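Worksheet: one structure, shown below.
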Amino acid sequence: MSEPPRLRAIEAVPVDHEGEQYVALRDPAGYTPSVLMLAPALIEVVSLFDGDHSIVDVQGELMRRHGELVTREHLEKLVAALDEHGFLDSPAFAARRASIDNAFLSAPSRAATHAGGAYAGEPAALRAAMDGFFTSPDGPGAIGSSVQPANGASGGGPGVRGLVAPHIDFHRGGPAYAWAYRDLAERGDADLFVIFGTCHAGMADPFALTRKDFDTPLGPARVDREFVDALATRARQDCYASELAHRNEHSIEFQAVFLQYLYAGRRDVTVVPVLTSFVHEALARGRRPEDDPRVRAFLEALGETAAASRRKVAFIAGADLAHMGTRFGDPEPISPAELETIGREDRAMLERVEAGDADGFFESVRRDNDRRRICGLSPIYALMRALGGARGSLRRYGQWPDPEGVVTFASVVY
């Protein structure tokens, strides 16, 4: 590599492996499946791969700091290993990215990217696991009656218009999904689901649509292309500029799997996948989300398109909550006392979510500058705006702690 090495925008996560401390490098955009385990001493070296330091510059900087010469051969081997696995911004990575992107754009559907990993890839095993989410001690119990037809809701209450459901891996949060989706199965009559998802890798645009069906082990979740096209036209912005973000993102995929579990072979439903990334950007700029005219225009267009479609439309936000601990950049592990504090702060925020108060929800996070790193900000905000202030009910709140951090999540039914 003739140019100074430049590390891509990747994640560095502290991990304990066989009693030893390492830092794991991984790519949130999914252009490489590799996870590289680096000894802590190498992190200082890799941090100098910023596109400004040549190999000679890196040698000089390490000599200045530590009085020791790191050989060019050792540095070049490290650079070659990073480049081989797709962690450097280089011609090799550009070719890798172009090949992967072109394959996605030319494919007739969006593959079930996380099948066989985050959830079972074989239909019978997947259905058995999902049955267990309902009947486990943490679940809501088995679905009480057959899935309701699209010609009317029943089940002893008003029809379900929207959900906040987790997007954490099924094996960590499966029963929490069930707390949301049982209400939908028993009291939902929608035949079109607009799914808002978090874009974990970030996007240049606040929203990204796709016309691709979502493959799942339980059959494809069909996209309503007429609705998508009408929405894109009304929104007066390029809603496909960031379509590539759908390729590896799991937040919508997991909801598509649950919808297929409920409805495949029982009811004809379609989906409208909407990746979102605008609330964190507003926080960073010190603005409110709808100060961005693209956000306001898209949400207005969504309401108009839903009204004009004459379909029974429901809205789903695939959204987790807090991400705290050393894995996410905090200096210390999360103590039991801090877990209780996180729970109290989450529940206070969820009161605004239950109230359908998008502005209050945003303000609750802005006050502490999103100290808990709520990754579902954008989909939850979009859901509440789409529902026009409708009130919801918190069905389940959960935490998944491990030695490196904690992720929290909730199920809310509107």
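The values are calculated or read from the model by the stated rules, or taken from the named source; none is laboratory data. Fair warning: this is a prediction, and the values are worked out from it, not measured in the lab. Here the Cβ is made from the backbone with ideal geometry for all residues, glycine too, and neighbour counts use every protein chain on show. Heavy atoms of the whole protein, side chains included, go into the accessibility calculation; ligands, DNA and RNA do not. Shrake-Rupley method; radii C 1.70, N 1.55, O 1.52, S 1.80 Å.
Some observations on this one:
- The listed residues are 35, 23, and the only one of them that is closer than 26 Å to residue 332 by Cβ, surrounded by 12 or more Cβ atoms within 10 Å (Cβ to Cβ) and in contact with a helix residue (DSSP H, G or I) (Cβ under 6 Å, 6 or more places away or on another chain) turns out to be 23.
- Within segment 115-145, the set of residues being in a loop (DSSP other than H, G, I, E, B) and either free of Cβ contacts under 8 Å to residues at least 60 places away in the same chain or within 16 Å of residue 180 (Cβ to Cβ) (or both) comprises 116, 117, 136, 137, 138, 139, 140, 141, 142, 143, 144, 145.
- Of residues in segment 38-62 being part of a loop (DSSP other than H, G, I, E, B) and open to solvent by 30 Å² or more (accessible area, probe 1.4 Å), the one modelled with the lowest pLDDT: 39
- Residue in segment 99-114 that is free of Cβ contacts under 8 Å to residues at least 12 places away in the same chain, assigned to a loop (DSSP other than H, G, I, E, B) and within 19 Å of the chain's Cα centre (by Cα) present: no
- Contacts under 7 angstrom Cβ, first residue in segment 36-61 being within 15 Å of residue 89 (Cβ to Cβ), partner open to solvent by 60 Å² or more (accessible area, probe 1.4 Å), 6 or more apart: 49/6; 50/6; 51/6
- Residue in segment 242-260 that is over 18 Å from the mean Cα position of the chain (by Cα) and in contact (Cβ under 8 Å) with a residue 40 or more places away in the chain present: yes
- Taken over segment 228-250, the criterion of being assigned to a loop (DSSP other than H, G, I, E, B), open to solvent by 20 Å² or more (accessible area, probe 1.4 Å) and of a type in the set (Gly, Ala, Ser) is satisfied by 241 alone.
- Test: residue in segment 377-396 that is modelled with pLDDT under 95 and either at positive phi or surrounded by fewer than 23 Cβ atoms within 10 Å (Cβ to Cβ) (or both): yes
- Selection of segment 8-35 for residues being assigned to a strand (DSSP E or B) and either of a type in the set (S, T, N, Q) or over 19 Å from residue 327 (Cβ atoms) (or both) yields only 21.
- Considering 366, 344, 352, 371, the condition of being in contact with a helix residue (DSSP H, G or I) (Cβ under 7 Å, 6 or more places away or on another chain) and farther than 25 Å from residue 194 by Cβ is satisfied by 366 alone.
- Test: residue in segment 63-70 that is open to solvent by less than 60 Å² (accessible area, probe 1.4 Å), in contact (Cβ under 8 Å) with a residue 24 or more places away in the chain, in contact with a Leu (Cβ under 6 Å, 6 or more places away or on another chain) and closer than 30 Å to residue 216 by Cα: no
- On inspection, residue 70 fails the criterion of being on the phi < 0 side of the Ramachandran plot, in contact with a helix residue (DSSP H, G or I) (Cβ under 8 Å, 6 or more places away or on another chain), modelled with pLDDT under 90 and not in a helix (DSSP H, G or I).
- Pairs linking a residue in segment 350-374 that is under 23 Å from residue 396 (Cβ atoms) and open to solvent by 70 Å² or more (accessible area, probe 1.4 Å) to a residue that is assigned to a helix (DSSP H, G or I) and hydrophobic (A, V, I, L, M, F, W, C), with Cβ atoms under 8 Å and 6 or more positions apart or on different chains, are 352/361; 373/328.
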